1. Select from region 103-133 the residues that are in contact with a Pro (Cβ under 6 Å, 6 or more places away or on another chain) and not in a helix (DSSP H, G or I) and write down the one among them that is surrounded by the fewest Cβ atoms within 10 Å (Cβ to Cβ).
2. Within region 156-167, track down each residue that is of a type in the set (A, V, I, L, M) and in contact (Cβ under 8 Å) with a residue 24 or more places away in the chain.
3. Name the single residue that is surrounded by the fewest Cβ atoms within 10 Å (Cβ to Cβ) among those in region 53-96 being touching an Asp or Glu at 6+ places or on another chain (Cβ under 8 Å) and at pLDDT below 85.
4. Can you pull out the residues in region 125-155 that are small (Gly, Ala, Ser) and touching a residue at least 24 places away in the same chain (Cβ under 8 Å)?
5. Return yes or no: is Glu118 closer than 26 Å to Met107 by Cβ, in the same structural domain as Arg175 (by TED's automatic domain parsing) and in contact (Cβ under 8 Å) with a residue 24 or more places away in the chain?
Amino acid sequence: MKLRDRLTAAVRAFRDAHTLRDALEMEKLERKLTGQTLERKEQECERLHHSVEELGFRLRLQERRTAALTAALRTFAPDLTAAEEMKQLYDSVQPSLDMEGYTLYHMAEQLTGIHLHEAFPYESALGVFENAGGRELLAYLTAYCFNAVEWEVVPGKTYEAAVLGEVDTAAPEYRQFERRLYRDTLERMGFGDVLPREEAVQMAAQEQQPIPPGPVAMSM
């Protein structure tokens, strides 16, 4: 082999060795980084495991508290059969669980099938319902449902404006509606266990027929 060929082979071998050394160093670095990443992941998994255990403990504690509160509520208010009693329970939890009253309103909407945008087109066009609270919306709905609305022609318009009157809350139809409304609302809010089973049985047959929508007195 000529000297030139030997030199070329030596240079090539040197370059290959350098390349292999660089590759080895890179592999060592990658292994080190992978090990560090794995260690961080293991620490993260450990933290998540502790978090899950803590959440599980809190959940079990909350379940025990809920059971205790339910038992206490049954003791202090065992006869939640009248609308007034269910309304008192709702009013006591409403500031925390239904602050704006939308749960109550949406349940009334579901029971009656009445949609305010259809029942009150003029007020809807004015945006009256956009920022209204649940109690205000419920007032419109019950007034419409129980014939407590007077209509006034708006000058220069094809619409009629609604003037809400007083709903006859002593009427049997309204009393039945109110009782069903608050009972179903309390059930949706998680208080079904404190409502007497007898009440549910008595109301079950009446619930088979949907409440007819429209500005007429409701028969349930």
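The values are calculated or read from the model by the stated rules, or taken from the named source; none is laboratory data. Everything numeric in this text was worked out from a predicted model, so none of it was measured. Backbone-built Cβ (ideal geometry, glycine too); neighbour counts: all protein chains shown.
1. At the first step, the residues of region 103-133 found to be in contact with a Pro (Cβ under 6 Å, 6 or more places away or on another chain) are 112-114.
Next cut, not in a helix (DSSP H, G or I) only: 113-114.
Details: Gly113: 12, Ile114: 21.
Filtering first and then ranking leaves Gly113.
2. Listed by number, the residues that qualify are Ala161, Ala162, Leu164, Val167.
3. Residues of region 53-96 touching an Asp or Glu at 6+ places or on another chain (Cβ under 8 Å): 70, 77, 79-81, 83, 85, 87, 90.
Of the ones still in play, those that are also at pLDDT below 85 are 70, 77, 79-81, 83, 85.
Values: Thr70: 14, Ala77: 14, Asp79: 9, Leu80: 21, Thr81: 15, Ala83: 19, Glu85: 15.
For region 53-96, the residue satisfying everything is Asp79.
4. Ala125, Gly133, Gly134, Ala139, Ala143
5. Considered against the rule, which asks whether it is closer than 26 Å to Met107 by Cβ, in the same structural domain as Arg175 (by TED's automatic domain parsing) and in contact (Cβ under 8 Å) with a residue 24 or more places away in the chain, Glu118 comes out as no.
Here is a yes/no grid of residues against (1) in a helix (DSSP H, G or I); (2) modelled with pLDDT of 95 or more; (3) within 24 Å of Met99 (Cα to Cα):
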site	(1), (2), (3)
Arg135	yes, no, yes
Leu138	yes, yes, yes
Leu141	yes, yes, yes
Glu152	no, no, no
Lys157	no, no, no
Ala170	no, no, no
Tyr182	yes, no, yes
Gly190	no, no, yes
